[in-house]
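Written out below as structure tokens is the structure these notes cover.
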Amino acid sequence: MDTKMKKATLLLMLIALVLGGCATSPHVSQDMFLSEYGFAALSSSDYSEAEAYLLVSLDIKPGNPYSLLNLGAVYQNTG
């Protein structure tokens, strides 16, 4: 397995763990939790990780304005 594939696999496993742990939290919705992680990755210029978190967030809640805005920033910065 090449490095990109390993990174993608690890990221998907992390997202699954986050979603499982976040399901019991009454204070933060899953989509916002992932949107915040996406924003943190975006702030660190880790665009592939930011995109992955934000896309999963949008799968959960397609109209999440924070995820849409941050995903737009990812795409603007990556061309």
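Just so it is clear, none of the values below were taken in a lab; they were calculated from the coordinates. None of the values given here were measured: they were computed from a predicted structure. Using ideal geometry, Cβ is built from the backbone for each residue, glycine included, and neighbour counts are taken over all protein chains shown.
Stretch residue 76-residue 36 to full length: gain in nm at 0.36 nm per residue minus the Cα-Cα span?
Working: separation 40, 0.36 × 40 = 14.40 nm, distance 1.85 nm.
Extending this stretch completely gives an extra 12.5 nm.
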- How large is ³J(HN,Hα) for each residue in segment 64-79, as worked out from phi by the Karplus curve 6.51 cos²θ - 1.76 cosθ + 1.60 (θ = phi - 60°), to whole Hz, x for Gly and Pro? 4, x, 5, 5, 5, 5, 5, 5, x, 5, 4, 5, 5, 6, 9, x
- Message: Output wanted: per-residue J couplings in Hz (rounded whole) for segment 48-54, from phi through Karplus 6.51 cos²θ - 1.76 cosθ + 1.60, θ = phi - 60°, x for Gly and Pro.
- Response: 5, 5, 4, 4, 4, 4, 5
- At a Förster distance of 22 Å, what's the computed FRET efficiency of residue 55 paired with residue 27, Cβ-Cβ distance as r, to 0.05? 0.40
